[in-house]
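What follows is a set of notes on a single structure, which appears directly below.
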Amino acid sequence: MKLFSCLIAVLLFLFQAVPGLSLPKDTLRCVRYHGFCFHSEVCPTPFAAFGTCSRRQKTCCIDTTSNFHTCQDEGGHCVPPKIKCLQEQLGLCPHKEWKCCKEM
């Protein structure tokens, strides 16, 4: 019984020590872009919605006053990877692997 208790303690420690080990993919993506997960569907000011968190149960909101602006805020368009951009632009796209284009 002591061995089982020690094993459970080690597993709990690993879940706490390794960031992102037990988080859903959408939450990890939100955190990677310095976002925050809110319970409401509408993000409070100065945040903007940027997808979901907690397996689509919460809204991922990013701070619009930081350096992490969305593609549309910068005047660009989010396009799938198969479309080629004439000029790429900095900005976040809500779909994974998509890129921000200034001109297509």
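The values are calculated or read from the model by the stated rules, or taken from the named source; none is laboratory data. Because the structure is predicted, anything quoted here is derived from the model rather than measured. With ideal geometry, Cβ positions are generated from the backbone for all residues, glycine too; neighbour counts draw on all protein chains shown. To get the accessible areas, we keep the full protein, side chains included, count just its heavy atoms, and leave off ligands, DNA and RNA. Shrake-Rupley method; radii C 1.70, N 1.55, O 1.52, S 1.80 Å.
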Practice problem: Would you please name the residue that is most open to solvent (accessible area, probe 1.4 Å), looking only at residues in the stretch 26-41 that are at pLDDT below 85 and over 16 Å from L92 (Cα atoms)? | Solution: E41
Self-check item: Selection from the stretch 51-82 of residues that are over 25 Å from K25 (Cα atoms) and modelled with pLDDT of 80 or more
Solution: G75, G76
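Looking only at strands (runs of 3 or more DSSP E) that fall completely inside the stretch 42-96, which ones have 1 or more residues that are touching a residue at least 40 places away in the same chain (Cβ under 8 Å) and surrounded by 12 or more Cβ atoms within 10 Å (Cβ to Cβ)? Steps first, answer last, please.
Working: elements: 47-53, 58-63, 77-79.
Qualifying strands (runs of 3 or more DSSP E): 47-53.
Between L3, L23, L11, L7, which is modelled with pLDDT of 75 or more and out of contact with any His (no Cβ under 6 Å at 6 or more places or on another chain)? Break it down stepwise before answering.
Details: L3 fails: modelled with pLDDT of 75 or more; L11 fails: modelled with pLDDT of 75 or more; L7 fails: modelled with pLDDT of 75 or more.
One residue alone meets the criteria, L23.
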